[in-house]
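One structure is given here, and the rest of the page talks about it.
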Amino acid sequence: MAASTITFPKPKVAPVSRVRQILALTKEEDLVAELAKFEDAIYEAGAPLIRLLGQDVRSTDVISQLDHMTEVERWRERTSRWHSLAKCFVEHCKSDHFIVARTKGVTEFERAAYQKRLTAGFVGLETWLEGLIYSIDSRVNLCKKLAGLEDNGRPNGRFS
């Protein structure tokens, strides 16, 4: 695989991509709509990464291992960004815009359940994205090991 064969696809529907856009959401229906767009965009744009992580990299061809490692590593920043936005959504769901007021007849359980309902989807995405970041790091480390590179990125005698 040649380096730079993977491009970052643009999703058909553009979700929010900035923290300030998340903080501007103040209505539950807008928040839920953004969850759907955010999730769809991540799955769509991240499909090449998922395919890369599904590949078997056990090979004796060092160049293909290094190319694969480079392609996977290119996704780390983007995936970390998605993760940070998911985390922002989770915290924003707990903001004063989405708190059920303390009124007679509304229990603490109902108030907490409402917050959990709002955050659940974003927590799920956040957890999945953490796993993707872990998988990226793990794959890069595996490729380094298979290619005979030490942790510092220098050959351990195999290339010298």
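Side notes on the structure shown:
- Some residue of the stretch 80-88 being touching a residue at least 24 places away in the same chain (Cβ under 8 Å) and farther than 19 Å from GLU126 by Cα: no
- Residue selected from the stretch 33-51 under the condition charged (D, E, K, R) and touching a residue at least 12 places away in the same chain (Cβ under 8 Å), by the criterion nearest to CYS93 (Cα to Cα): GLU34
- Taken together, the residues in the stretch 80-117 that are in a loop (DSSP other than H, G, I, E, B), closer than 25 Å to VAL19 by Cβ and open to solvent by less than 80 Å² (accessible area, probe 1.4 Å) amount to 2.
- Criterion (open to solvent by 40 Å² or more (accessible area, probe 1.4 Å), over 24 Å from ASN141 (Cβ atoms), in a helix (DSSP H, G or I) and of a type in the set (D, E, K, R)) met by exactly one of GLU34, GLU44, GLU77: GLU44
- In the stretch 47-73, the residues that are open to solvent by 10 Å² or more (accessible area, probe 1.4 Å) and either of a type in the set (D, E, K, R) or touching a Ser or Thr at 6+ places or on another chain (Cβ under 9 Å) (or both): PRO48, ARG51, LEU53, ASP56, VAL57, ARG58, ASP61, ASP67, THR70, GLU73
- Being part of a helix (DSSP H, G or I) and open to solvent by 20 Å² or more (accessible area, probe 1.4 Å) is a property that GLY131 has.
- Top-ranked residue in the stretch 27-70 [being more than 22 Å from the chain's Cα centre (by Cα) and of a type in the set (Lys, Arg); ranked as nearest to GLY131 (Cα to Cα)]: ARG58
- In the stretch 97-111, the residues that are touching a residue at least 60 places away in the same chain (Cβ under 8 Å) form Cβ pairs under 6 Å with partners that are surrounded by 10 or more Cβ atoms within 10 Å (Cβ to Cβ) and of a type outside the set (S, T, N, Q), at six or more places apart or across chains, as follows: PHE98/LEU118.
The values are calculated or read from the model by the stated rules, or taken from the named source; none is laboratory data. Worth saying up front: this structure is predicted, and the values here are computed from it rather than measured. No Cβ is skipped: glycine too gets one built from the backbone with ideal geometry, and neighbour counts run over all protein chains shown. Only protein heavy atoms, including side chains, enter the accessible area calculation; ligands, DNA and RNA are left aside. Shrake-Rupley method; radii C 1.70, N 1.55, O 1.52, S 1.80 Å.
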